[in-house]
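The values are calculated or read from the model by the stated rules, or taken from the named source; none is laboratory data. Here the structure is a predicted model, which is why all the values come from computation and not from measurement. Ideal geometry is used to build each Cβ from the backbone, glycine not excepted, and the neighbour counts take in all protein chains shown. Surface areas here come from the heavy atoms of the whole protein model, side chains and all, with no ligands, DNA or RNA. Shrake-Rupley method; radii C 1.70, N 1.55, O 1.52, S 1.80 Å.
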Amino acid sequence: MTTGIRTRFAPSPTGFLHVGGARTALFNWLFARHHGGEFVLRIEDTDQERSTDESTRAILDAMTWLGLNWDEGPHFQAQRVDLHRQMVQKLIDENKAYFCICTPEELEAKRKQALATGRKPKYDGTCRDKKLSKSAGSVVRFRGAQGGVTIVEDLIKGNISFNNDELDDLVIERSDGYPTYNFAVVIDDALMKITHVIRGDDHVNNTPRQILLYQALGFAIPKFAHVPMILGADKARLSKRHGATSVMAYKEMGFLPEALVNYLVRLGWSHGDQEIFSLPELVNLFSLESVGKSPAVFNPEKLLWLNSHYIKEAKPDIIYEEMRPLWPQSVNSADSDFVRKVIADLQPRSKTLVELATAAGFYFTQKVQYEEEAAQKFLTPGIASHLTAIEAGLSSLENFSKEGIESFLQMFVQEREIKLKVIAQPLRVALTGKTVSPGIDEVMVTLGKSRVIRRIQDAQDYIEAGN
Ligand code: GLU
């Protein structure tokens, strides 16, 4: 049983799914899920020149990755053109639309003249009452309302009033026979029984035109909710110069979908000062009343913070799957238990999966590459005898666990009357090549005894060779 509430996401396939589009999709998805309704996906591909199959695929992939599943579709608008044409014809028959043969050049000249004399450019109605028929190059225009106002009752912005005289006689069918956006969107939303149109507020000026079309066609008018823009830190509309705007670029940079979803929802929606939300929690809490009226500012630092939170919290198995594309072949075919342990070591200290993959390099290498300065400072002849003894001790250590290794090292330094730090950094360099890494006991457990022994031997050889 559904509640009859239906939302839709209606991207034009002219590029990848960007952050703003993903947030629109998410709000529609959450609204539908919260109300036990349905979420429809419609690809608005009537712009034949700019739409590509590749973009459609990219958009579907990104939505799937984010977990925004749709109940219906994808519908392809271009396959519905016959329907749109029928509706255009209906309006022509009812004298609510007419053919116009003004050329683009004529219209441009009139536009320039209007601007030059300080008037607002607007179609002057040249063809409105000429009762023209279809001809090469003709378009179809909607006969706009004369006088009066159209009120958009927006669920986020409140009532917005538009003077009908300011709205043009809208082109509804282009000369190539394809419907324009404002026309096709009304037909499709109406016939698909969309109850709530939630979209970016860059469309708010289109809405009164669409309402007039709903009225002319005798369709029920859906509810509208226009979500404020997303801005960059400089308060300009979010664009590439503020960093990556493509959803899939974030996947490639090692973000988890949960982090991005959590981040996107907070671009405009809030629930007190809570920052971390699971998806079921969002479905439960989401409402349009809690969407803010002012634009949201994109903050990459916060996204990174959320990502490290989700990386830390995730089950190693989830990270393991998500990371497959990031590892080299050798790691993908390595013992999966070992890879999972490496992941678990690095989860608490990685902001992205790419960072995790980079930090993991030393675990998988056959021969540790020492950072030059680290080796010079810590792999010195003075340490050789300690390393020999540690190697022997660890070889015969039965309890090769974190606790076992810790107590072995404690005893070792006590017996030798040295401080732990005398051997800790040399061991770290021997095992990882670096001076910064997860705890050496953790690293040893993950590497396992035989790798540890071999690495300590390699370090001894290195010292002996006098490097
Ligand atoms: N295809 C339009 C766009 O991508 C849809 C706008 C709408 O949601 O009505 O901007």
*asked:* Going residue by residue through segment 306-324, is there one that turns out to be buried (at least 18 other Cβ atoms within 10 Å of the Cβ), touching a helix residue (DSSP H, G or I) at 6+ places or on another chain (Cβ under 9 Å) and of a type in the set (D, E, K, R)?
replied: yes
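Residue by residue, here is whether (1) more than 16 Å from the ligand (Cβ to nearest atom); (2) more than 24 Å from ARG23 (Cβ to Cβ); (3) modelled with pLDDT of 95 or more holds:
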site: LYS157; (1), (2), (3): no, no, yes
site: LEU167; (1), (2), (3): yes, yes, no
site: LEU217; (1), (2), (3): yes, yes, yes
site: ALA220; (1), (2), (3): yes, yes, yes
Considering segment 193-204, residues that are within 12 Å of the ligand (Cβ to nearest atom) and not in a helix (DSSP H, G or I), and then whichever is nearest to PHE76 (Cα to Cα), we arrive at ILE194
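Let's see how each residue does on (1) under 14 Å from the mean Cα position of the chain (by Cα); (2) not charged (D, E, K, R):
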residue	(1), (2)
PRO13	no, yes
HIS18	yes, yes
VAL40	no, yes
ARG50	no, no
ALA58	yes, yes
ALA62	yes, yes
GLN79	no, yes
ILE92	no, yes
LYS96	no, no
Over segment 191-210, the set of residues among the hydrophobic types (A, V, I, L, M, F, W, C), open to solvent by 30 Å² or more (accessible area, probe 1.4 Å) and touching a strand residue (DSSP E or B) at 6+ places or on another chain (Cβ under 7 Å) is none
When segment 285-296 is checked residue by residue, the ones that are surrounded by 16 or more Cβ atoms within 10 Å (Cβ to Cβ) and either under 24 Å from THR245 (Cβ atoms) or among the acidic types (Asp, Glu) (or both) are PHE286, VAL291, PRO295, ALA296
For segment 178-188, check the following and say yes or no: at least one residue is open to solvent by 40 Å² or more (accessible area, probe 1.4 Å) and more than 11 Å from the ligand (Cβ to nearest atom). yes
When segment 15-44 is checked residue by residue, the ones that are within 10 Å of the ligand (Cβ to nearest atom), under 24 Å from HIS84 (Cα atoms) and either surrounded by 22 or more Cβ atoms within 10 Å (Cβ to Cβ) or at pLDDT below 95 (or both) are ARG42, ILE43
By residue number, the members of segment 2-14 that are touching a Gly at 6+ places or on another chain (Cβ under 8 Å), over 16 Å from LEU155 (Cβ atoms) and either open to solvent by less than 10 Å² (accessible area, probe 1.4 Å) or more than 9 Å from the ligand (Cβ to nearest atom) (or both) are THR2, THR3, GLY4
Condition set open to solvent by 60 Å² or more (accessible area, probe 1.4 Å) and not basic (Lys, Arg), scope segment 53-63, selection nearest to GLN79 (Cα to Cα): answer is ASP53
Taking segment 255-305 and keeping residues without any contact (Cβ under 8 Å) to a residue 24 or more places away in the chain and of a type in the set (S, T, N, Q) leaves SER270, GLN274, SER278, SER290
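The rows are residues; the columns are (1) part of a helix (DSSP H, G or I); (2) touching a residue at least 40 places away in the same chain (Cβ under 8 Å).
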| residue | (1), (2) |
| --- | --- |
| GLN347 | yes, no |
| THR358 | yes, no |
| TYR370 | no, yes |
| HIS386 | yes, yes |
| GLU391 | yes, yes |
| VAL422 | yes, no |
| ALA430 | yes, yes |
| SER450 | yes, no |
Those residues of segment 222-235 which are open to solvent by 30 Å² or more (accessible area, probe 1.4 Å) and away from the ligand (no atom under 14 Å from the Cβ) amount to ALA233, ASP234, LYS235
